[in-house]
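Novice: I am attaching a structure below and will ask some questions about it afterwards.
The values are calculated or read from the model by the stated rules, or taken from the named source; none is laboratory data. Just so you know, these numbers come straight off a predicted model, no measurement behind them. Using ideal geometry, Cβ is built from the backbone for each residue, glycine included, and neighbour counts are taken over all protein chains shown. Note: areas computed on protein heavy atoms with side chains; ligands, DNA, RNA excluded. Shrake-Rupley method; radii C 1.70, N 1.55, O 1.52, S 1.80 Å.
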Amino acid sequence: MTRVLGIETSCDETAAAVVARSNDGRPSILSNVVLSQIEAHAAFGGVVPEIAARAHVEALDGVIDAALAEAGLALGDVDAVAATAGPGLIGGLIVGLTTAKAIAAATGKPLLPINHLEGHALTARLTDRLDFPYLLLLVSGGHTQIVHVAGLGRYERWASTIDDALGEAFDKTAKLLSLPYPGGPSVEKAALGGDQKRFAFPRPLKGEARPDFSFSGLKTAVRRAATERAPLSAADIADICASFQLAVTEILADRVALSLKRFRKAHPRPQRPALVVAGGVAANAAIRKALETLCEREGFRLVAPPLNLCGDNAAMIAWAGLERLEAGLPEEGALAFAPRPRWPLDTASQPLFGAGKRGAKA
Ligand code: KG4
Ligand code: ZN
């Protein structure tokens, strides 16, 4: 049995978890503690980096204790410590990584500095025991990208946003309509009673051969519709949210289809390859449904982690650490590893202009 403690502090969740792999290869989550800072940031309508860093300092020890207690383990029982080392807000990264270094130094266990995006990318191997290769659609507050996951540490970015991240578009739409923070769930809820055909919002890049995403034109159109009609009635807000969400699902279906076709060409087998959707926006039911339909049409299988593993959590960081530990990937010098606020998963691809780097995780 291999057991790894994971720590995640890259944005506004303070999280610790223990995951394990039994000798027969079965993965399991022994504990998964997430303390959200939503209330601390709500008044500001977004994450305030300084408040986040201080809150991580105050909460992290207790959260680690809780994760160990829930797993029924003491610090010395784990085989390694994994912590998010980037990308993310520098203050939070320093808190989590330094704490992990201290634990590693004190216990003599290996330290694994983990790329947060790799955590999202590998979660489906923990939850669904998925084999490589597969395609990943990562949609969060700071990132919107499609990654070809060929193997552990072998990631190729096939598409990315050229402006805003999708979660950011949800958050900005919510702010514009004075809906509560965080914006994604608010917009989804408001859209429920709305008329999705009332506003014909644009679908940027739809139908174009390049596989990337763009959401800033959509955001501008939402702003125009909202300001033209102010003051907005509850029905106006519902209709704007529903129309925005319909535009988003159509953009995703159109854009993602291109990468599915590319994956098919690259891997004529297996019969039903997997598209994994990850990141906070993957919690959206309308988006999941649109991706289901797309996958059905293209002969893919949609793999969506349970809601508590879509958003930021430490189980995914512990899991990435466990995979790296088992693969014997070198962690020489790990204790001197410096946090990396920017850390692309695919270091070979050229960054697109502004590519999805403007969110809280920029
Ligand atoms: O992965 P995550 O927890 O943190 C980042 O790495 O960014 O994603 C947070 C993002 C936020 O932009 C939030 O508004 C969005 O995910 N989100 C949603 C929903 N739940 C969270 N967006 C749309 N619909 C939702 N239900
Ligand atoms: Zn994330």
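Novice: Round to a whole number: what % of the accessible area of the chain belongs to carbon and sulfur, probe 1.4 Å? Numbers along the way, then the final one.
Specialist: Values: 8020 of 14880 Å².
For the chain, the apolar C and S fraction of the accessible surface comes to 54 percent.
Novice: Which order do ARG224, ARG264 take when ranked by solvent-accessible area (1.4 Å probe, heavy atoms of all protein chains), largest first?
Specialist: Numbers: ARG224 135, ARG264 70 Å².
Putting ARG224, ARG264 in descending order of accessible area: ARG224, ARG264.
Novice: Still on this model: When Lys and Arg each count +1 and Asp and Glu each count -1, what net charge do the other residues less than 12 Å away from LEU258, Cβ to Cβ, add up to?
Specialist: Working: positive: LYS206, ARG210, ARG255, LYS261, ARG262, ARG264, LYS265; negative: GLU208, ASP212, ASP254, GLU298.
Neighbourhood net charge equals +3.
Novice: Send over a whole-number figure in Å² for the accessible area per residue of region 189-302, probe 1.4 Å. Please list the in-between numbers first.
Specialist: On the way: 5540 Å² over 114 residues.
Ligands and nucleic acids excluded, the result is 49 Å² per residue.
Novice: By how many degrees, between 0 and 90 and to the nearest 10, does the Cα long axis of helix 49-71 differ from the longest principal axis of the chain?
Specialist: So the helix axis and the longest Cα principal axis differ by about 60 degrees.
Novice: Another question, if that's okay. Sort 206-218, 313-325 by packing, meaning the average of other beta carbons within 10 Å per residue, with the highest value first.
Specialist: Packing proxy ranking, top to bottom: 313-325, 206-218.
Novice: How fast does the chain diffuse by Stokes-Einstein, in µm²/s, taking the Kirkwood radius from C-alpha pairs at 25 °C and 0.890 mPa s?
Specialist: Answer, rounded: 118 µm²/s.
Novice: Hey, rough spin-label estimate for GLU326 and ARG198, points 7 angstrom out along Cα→Cβ, what's it come to in nanometres?
Specialist: Output for this residue pair reads 5.1 nm.
Novice: Treating the angle as unsigned and between 0 and 90°, give the value, to the nearest 10°, between the Cα long axis of helix 116-127 and the longest Cα principal axis of the chain.
Specialist: For helix 116-127, the angle is close to 80 degrees.
Novice: Sticking with this structure for a sec: Tally Lys/Arg at +1 and Asp/Glu at -1 over every other residue whose Cβ is under 13 Å from the Cβ of ASN284; what's the total? Kindly include the intermediate steps, with their values, before the conclusion.
Specialist: Numbers: positive: LYS189, ARG288, LYS289; negative: ASP171, GLU188, GLU292.
Counting the neighbours of ASN284, the net charge comes to 0.
Novice: I would also like to ask the following. Compute the FRET efficiency between ARG229 and ALA42 as 1/(1 + (r/R0)^6), taking r as their Cβ-Cβ distance and R0 = 25 Å, and round to the nearest 0.05. Could you put the intermediate results ahead of the total?
Specialist: Details: r = 26 Å, r/R0 = 1.04.
The computed FRET efficiency comes out at 0.45.
Novice: Let me ask something else about it. Extension gain LYS175-ARG264, at 0.36 nm per residue separation less the Cα-Cα distance, in nm?
Specialist: Values: separation 89, 0.36 × 89 = 32.04 nm, distance 3.93 nm.
That works out to 28.1 nm of additional length.
Novice: On to the next question. Normalized C-alpha radius of gyration of region 1-76, against 2.2 N^0.38 Å?
Specialist: Values: Rg = 14.5 Å, N = 76, 2.2 N^0.38 = 11.4 Å.
Scaled against compact globular proteins, the figure is 1.27.
Novice: Quote the relative contact order of the chain in percent (integer), defining contacts as alpha-carbon pairs under 8 Å separated by 6+ residues. Intermediate values should be presented prior to the final figure.
Specialist: Values: 792 pairs, mean separation 91.9, N = 362.
Once normalised by length, the contact order is 25 percent.
Novice: Same structure again: Take each of the peptides 38-44, 104-110, 305-311, average the number of other beta-carbon atoms within 10 Å over its residues, and list them starting from the highest.
Specialist: Numbers: 38-44: 12.4, 104-110: 14.9, 305-311: 18.1.
Ranking, from highest mean packing down: 305-311, 104-110, 38-44.
Novice: Rounded to a whole number of µm²/s, how large is the Stokes-Einstein D of region 149-287 at 10 °C and 1.306 mPa s, given Rh as the Kirkwood radius over C-alpha pairs?
Specialist: Values: Rh = 16.1 Å.
Taking Rh from Cα pairs, D becomes 99 µm²/s.
Novice: Further, regarding this structure: Note the angle between two axes, namely the Cα long axis of helix 285-298 and the longest principal axis of the Cα atoms of the chain, as a number of degrees from 0 to 90, rounded to the nearest 10.
Specialist: Once rounded, one gets 90 degrees.
Novice: So what's Rg/Rh here for region 229-362, counting alpha carbon atoms and using the Kirkwood radius for Rh? Mind showing how you got there, number by number?
Specialist: On the way: Rg = 19.1 Å, Rh = 18.4 Å.
Result: Rg/Rh = 1.04.
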